Amino acid sequence: MILANQSYLEINTLENLSDCIDSIGSNVDVEKINYIYLKEQKYEPVWELQKQLHLLVKEKKLPDLVLFLEHEHVYTFGKNANEDFLLDSREINAEIVHTDRGGQVTYHGPGQLIGYPIINLNFHKKSVSWFMRSLEQIIIDTLSEFNIEADRKEGFPGVWVNDEKICAMGVRIAQWVTMHGFSLNVNPDMKYFDGMIPCGILDYGVTSMINNTDRSIDPEDIMDTLSFEFNKIFNK
């Protein structure tokens with residue numbers, strides 16, 4: 001296991017958005033990508049936080065950062081998503097949120113590690129495809145550290161184990177600053193995926209890390225490995 005020895009700023013609640021931003025601003029290294037662990041949160045408050053952070057990164061008032069968290073049960077639609085991909089058989093305790101990211105319908109919930117990179121590509125490479133391939137490579141290399149062989153599937157964003165998606169991706173890029181990101185299935189309740197056509201893909205399934213390894217999985221180990229892989233690409 002590769003560890004980045006990264007300390008995470010933990011923000012347990014998002015009741016006061018300005019306090020969260022002040023806390024992040026006082027705990028960052030301006031020369032390196034920074035990592036913030038939000039634990040488990042509802043979707044919409046974190047979306048609002050992303051918007052605030054996106055503006056501050058765009059205005060060069062904050063350095064690049066990645067939010068790590070889990071969401072409470074929620075189905076989210078991309079801005080041009082087909083709503084028919086969310087089925088009547090879905091779990092009714094999951095919220096439904098329409099977002100401004102790309103992509104179709106996705107599920108987020110406990111047991112799924114979310115990563116929201118808010119990165120100014122003006123300081124890296126101004127290419128949407130490069131950014132997406134970089135995210136995919138970070139996930140592929142992270143999974144390799146857990147002895148899970150994953151890869152891309154041509155024509156389908158995200159990361160796959162054979163014909164099953166293990167990590168979904170959907171981003172928004174405005175003025176070359178990114179937001180939204182990826183959802184890595186660590187050990188979610190898979191029944192929630194039965195309530196939708198994941199990412200609008202009919203022909204392939206969904207899987208998780210726990211279904212592809214016989215070793216224990218510590219979320220902090222995953223975050224350490226992800227941050228190590230992010231650093232290889234995005235540290236200035």
Going by the conditions given, is residue 39 at positive phi and at pLDDT 85 or above? yes
Only residues that are out of contact with any helix residue (DSSP H, G or I) (no Cβ under 6 Å at 6 or more places or on another chain) and either in a helix (DSSP H, G or I) or surrounded by fewer than 21 Cβ atoms within 10 Å (Cβ to Cβ) (or both): list them for region 176-198, please. 186, 189, 190, 191, 192, 193, 194, 195, 198
If you check 33, 21, which single one turns out to be hydrophobic (A, V, I, L, M, F, W, C), in contact with a Lys or Arg (Cβ under 9 Å, 6 or more places away or on another chain), open to solvent by less than 70 Å² (accessible area, probe 1.4 Å) and at pLDDT below 95? 33
List pairs: first in region 216-236 and within 15 Å of residue 125 (Cα to Cα), second among the polar types (S, T, N, Q), Cβ under 8 Å, 6+ apart or cross-chain? 233/134; 233/137; 234/134
Which residue pairs have Cβ atoms closer than 7 Å, lie 6 or more positions apart in sequence or on different chains, and pair a first residue in region 44-55 that is more than 12 Å from residue 20 (Cα to Cα) with a second residue that is surrounded by 19 or more Cβ atoms within 10 Å (Cβ to Cβ) and modelled with pLDDT of 95 or more? 54/118; 54/177; 54/179
Of the residues in region 140-170, how many are free of Cβ contacts under 8 Å to residues at least 60 places away in the same chain and part of a helix (DSSP H, G or I)? 2
Among the residues of region 120-134, is any touching a residue at least 24 places away in the same chain (Cβ under 8 Å), of a type in the set (Gly, Ala, Ser) and closer than 16 Å to residue 170 by Cβ? yes
Got a sec? Which of 217, 173 is among the aliphatic types (A, V, I, L, M), assigned to a loop (DSSP other than H, G, I, E, B) and open to solvent by 10 Å² or more (accessible area, probe 1.4 Å)? 217
Look through region 40-86, keep the residues that are outside any strand (DSSP E or B) and acidic (Asp, Glu), and return whichever of them is surrounded by the most Cβ atoms within 10 Å (Cβ to Cβ). 64
Residue 93 passes all but one of the listed conditions (1) open to solvent by 50 Å² or more (accessible area, probe 1.4 Å); (2) under 24 Å from residue 156 (Cα atoms); (3) in contact with a His (Cβ under 7 Å, 6 or more places away or on another chain); the exception is number (2)
What number of residues in region 105-130 are surrounded by 22 or more Cβ atoms within 10 Å (Cβ to Cβ) and either assigned to a helix (DSSP H, G or I) or hydroxyl-bearing (Ser, Thr, Tyr) (or both)? 3
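The values are calculated or read from the model by the stated rules, or taken from the named source; none is laboratory data. Quick caveat: nothing in here was measured; it's all calculated off a predicted structure. Here Cβ is always computed from backbone atoms with ideal geometry, including for glycine, and neighbour counts include all displayed protein chains. Note: areas computed on protein heavy atoms with side chains; ligands, DNA, RNA excluded. Shrake-Rupley method; radii C 1.70, N 1.55, O 1.52, S 1.80 Å.
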